[in-house]
Structure formats: C-alpha cells, structure tokens
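Enquirer: Input: one structure, supplied below.
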Amino acid sequence: MKGVRSLKISISGVRGVVGESLTPGLLVRFAESFGTYVGGGKVVVGRDTRTSGEMAQHAALAGLTSAGCQAVLVDISPVPTIQLAVRQLRAAGGIAITASHNPAEWNAFKFIREDGCFLNSFQARELLDIYHQGDYAKARSDAMKEPKTHRRAVEKHIDAIMNSFGPLPVSRRRPVKVVVDCVNGAGSVMSPFLLKKLGCDVVAINATPDGIFPRPPEPLPENLAMLSDAVLKHKADIGFAQDADADRLAIVSELGAPIGEDYTLGVAVDHILSKTAGTVVTTLATSSAVDDIAIARGCRVVKSMIGEINVTETMKSENAVIGGEGNGGVIYPEVNFARDSFVGMAIALHYFAGKKGPVSEVVAALPRYHMAKTATPCPAGKALEVLELLIEKNKNRKIDLTEGIKISDGKKWTLVRPSNTEPIMRIISEAPTADEARRLNEKLVSQVNNFINGND
C-alpha cells in the first residue's frame, strides 16, 4: 500500500517516489501514451536536476521513440525553458521531467501541448484514457526516429527575455547586487547568466545542478533563511529564490526579509501595467493586493480557477497583458505563456530600478494584506458534503463558487477548496492584518472540521 499512496496520477501528469512507485516501466507507458496522443512528430524532453532525472529521461525516450515520435533533448532545463522550446521548435508537445517543489525522492512527468502550455483537464483525461486502455501507437523499427539534442534552449530563453526587457539602466553608483538561490535545481543552468546579462553583480548560492537540495525546494518564506543570510552578508540590493524547476520566484528585500509570494506577482503586475494597460488574470487564491494594484492603474482583473493551465487559457481568452498565481508564478505572454521565474526576475529588477529607495520601502508602499493557510484532513467522499454545508451556513454572505467556496466580507475573504491531489481541504484566509487573517482562518477551519466530524 505504501507504493500506491506515493503515486499520483491526475490531470497534472504522473508523479511519485522513485524506487517505490515511480518505475521506469510506468514512465515508458506514459511516454508511449503521450506519443500516441500527439500523433507522432517532435516532442521536446527536458528535466530538472534530480538524481533520478536521467533514468526518467531514458524512459521518456524509449516510450516516445516506440510510439513513432522524434524526441528532442534539452537535457537539464527549467520547465519554462522547455515550454518555450516547444513553441520555438514547433514541436507537437513536450515532456518536462520534474516534481517541482516536491522533495528530492519524487519525480514526475508533466505534459506540454504544442502551444507550450500544459494540457487542460479535458486533454489530460484523453491522455489518461489512452494510458488506461494501453492501445499505444507502435512504430516499426525502420520508421523509428533517432533522438536529437537541442543545445541552445537556455540561450534562446535568455535571448527572448533580453529582447523583451533589455539590460537594466546604467547606474551612476554601481550595478545592482543580486543574490540568487537556485536550490541546486534547474535554475542553476540559467539564473546567474541571465542576471549578468541584465547587468547585475551576481552572487549565486545553491547553484550546482546536482539535485541535492540544501533546503525544501518550495520557495516559501520559512525556507529562505540561507538566502536572507546571504543578502545581508553580501550587502545585496535584492535576493531571488527559485524552486527546483524554476517556474516560481520568491523575492527577499535588502533587509533579508521575504516580501511574500503574492507580492512577486504584485510587483510584476504594477510594472507591466505602468507600461501597457490591459487585463490581468489571477486566481481566486491570489492576494487582493494584486487586484488593488491593477485597479489603481485603471485595469480590469479576471479570476480563473487555480492552476497554471487555467490561468493561461483565461489569459488567452481575455487577451490579458499579464497574469499569474500568488505562489510566485508570473506569466508574461510577450515572452512565455508559462509561469517563468526568469521573466519574474527581469521584471522585478526593472521595476525596482525605476523606483526611489530600497526594495523594502517600495514594497511597503504597496497595498498590504496578510494570509493564513491551513490544510485539514478530509476524506475524499466527504468533500462535496462539506462544501454544501458551508454554502448553507454562509448563504447570507457574499460567496463565489467558481472553485470550492470563497466567502468574502469587504477586504477579508476565505477560500475553502478540496485538494486535487490529496485527501485534504485547503483553507486560505486573507485580511488587512495578520490577526484578522488568523482568526478568520481558525473560524472556517473549525466549521470544516465540525462538518467532517458530523457536528453542526
């Protein structure tokens, strides 16, 4: 049963613990399924730095080649680089081998369609149908295509960012000093080089692409002590932290203090809207600070369901100029229709370069909100019932049922939603003060637990 619990097959792809549930045979079958789904053609394959990455890459090559595809290897590459390469090479799709912010023993396949975006829920179900049916395309030996290697994917990603933003304005004093923490992940092969191209004085920590993570890979404030210490030690102007696949970005001020993941997006939105007015797309779980920033610029905010593909598809339908998620995921379609920490760094550096005062003062002037987050166990069969009871309990309040239930009261709100991957209920609350957010969260957690336990 241990192996079953550590294997997750969902619309997000397949992930699991290597050596326990994620096996070469399983990965070959998923690669065969994807090759069948795209109908042959070129498929870009890249991986993060996990020690299991090469094994998983061989499995992907075997499955894709067997299904009649030509695999194009970009080797160790950030996920947004892989997504961009799919578009640039006009490939039929891509496989990103990464477990993102999960611990080092995990790995995963994430499936990318021809436009560089992840599969949506409908497309993912089609892929899973092929996998479960086991009716894969089978190329004859004389029709199998030898894998190729594309060695310039990272370089072309850097070029795309530089073409869009250019180097930082020349300072009369000195270059901007930046500390970047790549967590020994895929960002290690790109971040120091991009930052130098932008004109920064760069201090790179945890930038050896060996997959040995010196901290939990998710760039949450509680995981950024090494970065904060390095910023203070080197008297840097700003610090950046990435996760293992480099799609998410956290920012640390010159005081060594994390500004908060939602404010990564807030800074990006403020900068882009100052140049180009337009629609912004965020999720229901993103801080209202982003809304306030956009509204102050006279721009509209559209809310999507949580998940990168939901944001990108909404951005396309709304012709949005920028969007993203409150987890540090910045999506700027002029460069990449993907969460892209490198785009986030370029935008943030240009933003702060155009402001007077240090990062801490600039961020302090932005609309200020605080969040409290809880995950409480909830049997899968109970989730719908709990949501229905919450709706009834809060029927006289302002509620949004786009995903789970979001209960709003002025500048305060709570989102309750079942996890897509675990038997838990996620409760996220936001308010103008930390105490208000905590109390609001505790109240809803209590309601949820009472309903789960059968207490009204």
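Bear in mind these aren't lab numbers, they're just calculated from the coordinates by the rules spelled out. Just so we're clear, the structure is a prediction, and the values are computed from it rather than from any experiment. Every residue, glycine among them, receives a Cβ derived from its backbone with ideal geometry; neighbour counts consider all protein chains shown.
Enquirer: Roughly how big is the chain's charge dipole about its Cα centre, with Cβ charges of +1 (Lys, Arg) and -1 (Asp, Glu), in debye to the nearest 20? Each step should come with its number before you reach the end.
Expert: Values: 53 positive and 50 negative charges, 131 e Å.
Value, rounded to 20: 640 debye.
Enquirer: Can you tell me the order of 434-445, 219-230, 384-395 when each peptide is scored by its average per-residue count of other Cβ atoms within 10 angstrom, highest first? All intermediate terms of the calculation are to be shown ahead of the outcome.
Expert: Numbers: 434-445: 16.9, 219-230: 18.7, 384-395: 15.1.
Packing proxy ranking, top to bottom: 219-230, 434-445, 384-395.
Enquirer: Now, a different point. If you take the Cα Rg of segment 370-452 and divide it by 2.2 N^0.38 Å, with N the number of residues, what do you get? Intermediate results must be reported in sequence, preceding the final value.
Expert: Details: Rg = 11.8 Å, N = 83, 2.2 N^0.38 = 11.8 Å.
The reported ratio for this selection is 1.00.
Enquirer: Taking the Cβ of GLY324 as the centre, find all other residues whose Cβ is under 12 Å away and add up their charges (Lys, Arg: +1; Asp, Glu: -1).
Expert: On the way: positive: ARG248, ARG339; negative: ASP247, GLU261, ASP262, GLU308, GLU325, ASP340.
Every neighbour counted, the sum reads -4.
Enquirer: Okay, moving on. Can you give the % of DSSP beta bridges in the chain that are antiparallel, to the nearest 5?
Expert: Values: 44 of 74 bridges.
Antiparallel: roughly 60 percent of the beta bridges in the chain.
Enquirer: Sticking with this structure for a sec: Near LYS235, which lysines are there with a Cα under 22 Å away, not counting those fewer than 8 places off in the same chain?
Expert: Within the straight-line cut-off, LYS235 pairs with LYS177, LYS196, LYS197, LYS355, LYS356.
Enquirer: A follow-up question, please. How large is the dipole of segment 2-155 about the Cα centre if only Lys and Arg carry +1 and Asp and Glu carry -1, each at its Cβ, rounded to the nearest 20 debye? Each step should come with its number before you reach the end.
Expert: On the way: 19 positive and 14 negative charges, 21 e Å.
For this selection, approximately 100 debye.
Enquirer: Can you figure out the FRET efficiency of ILE399 with VAL302, using R₀ = 22 Å and their beta-carbon distance, to the nearest 0.05?
Expert: Values: r = 18 Å, r/R0 = 0.84.
Efficiency, from the Cβ-Cβ distance: 0.75.
Enquirer: Between ILE212 and ALA380, 0.36 nm times their residue separation minus their Cα-Cα distance comes to what? Intermediate values should be presented prior to the final figure.
Expert: Numbers: separation 168, 0.36 × 168 = 60.48 nm, distance 3.40 nm.
Full-extension gain reported as 57.1 nm.
Enquirer: If the reach is capped at under 15 angstrom between alpha carbons, list the aspartates and glutamates near LYS233, excluding any in the same chain fewer than eight residues apart.
Expert: Correct list for LYS233: ASP181, ASP201, GLU254.
Enquirer: I would also like to ask the following. Over segment 2-155, how many percent of alpha carbon pairs lie in each 5 Å bin up to the one with the longest distance?
Expert: The distribution over segment 2-155 is 2, 11, 21, 25, 22, 13, 5, 1, 0, given as percents.
Enquirer: Just to be sure I understand the model, the point goes 7 Å from the Cα along the line to the Cβ. What's the resulting SER317 to ASP129 distance in nm?
Expert: According to this spin-label approximation, the distance is 2.1 nm.
Enquirer: Considering the Cα positions of the chain, please state its Rg to one decimal place and its Dmax as a whole number of Å.
Expert: 22.0, 68
Enquirer: Based on Cβ point charges of +1 for Lys and Arg and -1 for Asp and Glu, what charge dipole magnitude is obtained for segment 176-364 about its Cα centre, in debye rounded to the nearest 20?
Expert: Numbers: 15 positive and 23 negative charges, 119 e Å.
It comes to approximately 580 debye.
Enquirer: A follow-up question, please. Restricting attention to the alpha-carbon atoms of segment 176-364, what are Rg (one decimal) and Dmax (integer), both in Å?
Expert: Cα radius of gyration and Dmax of segment 176-364 are 15.4, 46 Å respectively.
Enquirer: Straight-line reach from LYS316: which lysines have a Cα under 18 Å away, not including same-chain ones fewer than 8 places off?
Expert: Reachable lysines: LYS303.
Enquirer: Name the residue farthest towards the positive end of the dipole of segment 282-411 from the options ASN319, VAL359, LEU389, assuming +1 on Cβ of Lys and Arg, -1 on Cβ of Asp and Glu, about the Cα centre.
Expert: Positive-end residue among those listed: VAL359.
Enquirer: For segment 152-209, just run the numbers: alpha carbon Rg, then divide by 2.2 N^0.38 Å, N being how many residues it has.
Expert: Working it through for segment 152-209, the quotient is 1.16.
Enquirer: If you don't mind, another one. Full-extension gain between ASP201 and ILE391, please, as 0.36 nm times their residue separation minus the C-alpha to C-alpha distance. Mind dumping the intermediate values first?
Expert: Details: separation 190, 0.36 × 190 = 68.40 nm, distance 5.27 nm.
The span from ASP201 to ILE391 would gain 63.1 nm if fully extended.
Enquirer: Related question: Need the full-extension length gain, LYS356 to SER446, defined as separation in residues times 0.36 nm minus the C-alpha distance. One decimal, nm. Mind dumping the intermediate values first?
Expert: Values: separation 90, 0.36 × 90 = 32.40 nm, distance 4.48 nm.
Length difference between fully extended and current span is 27.9 nm.
Enquirer: Can you give the helix-only mean residue ellipticity at 222 nm for the chain, where every DSSP H stretch with n ≥ 4 adds -39500 (n - 2.57) and the sum goes over all residues, rounded to the nearest 500 deg cm²/dmol?
Expert: On the way: 15 runs with 169 residues, N = 456.
So the calculated ellipticity at 222 nm is -11500 deg cm²/dmol.
Enquirer: Can you check what the net charge comes to around ALA92, using other residues whose Cβ is under 13 Å from the Cβ of ALA92 (Lys, Arg +1; Asp, Glu -1)? Show your work: numbers first, answer last.
Expert: Working: positive: LYS42, ARG87, ARG90, ARG113, LYS145; negative: GLU114, ASP115.
Around ALA92, the charge tally is +3.
Enquirer: Along Cα→Cβ, 7 Å out, is where each label goes; now give me the distance between the ones at SER164 and SER274 in nm to one decimal.
Expert: A separation of 1.8 nm, rounded to one decimal place.
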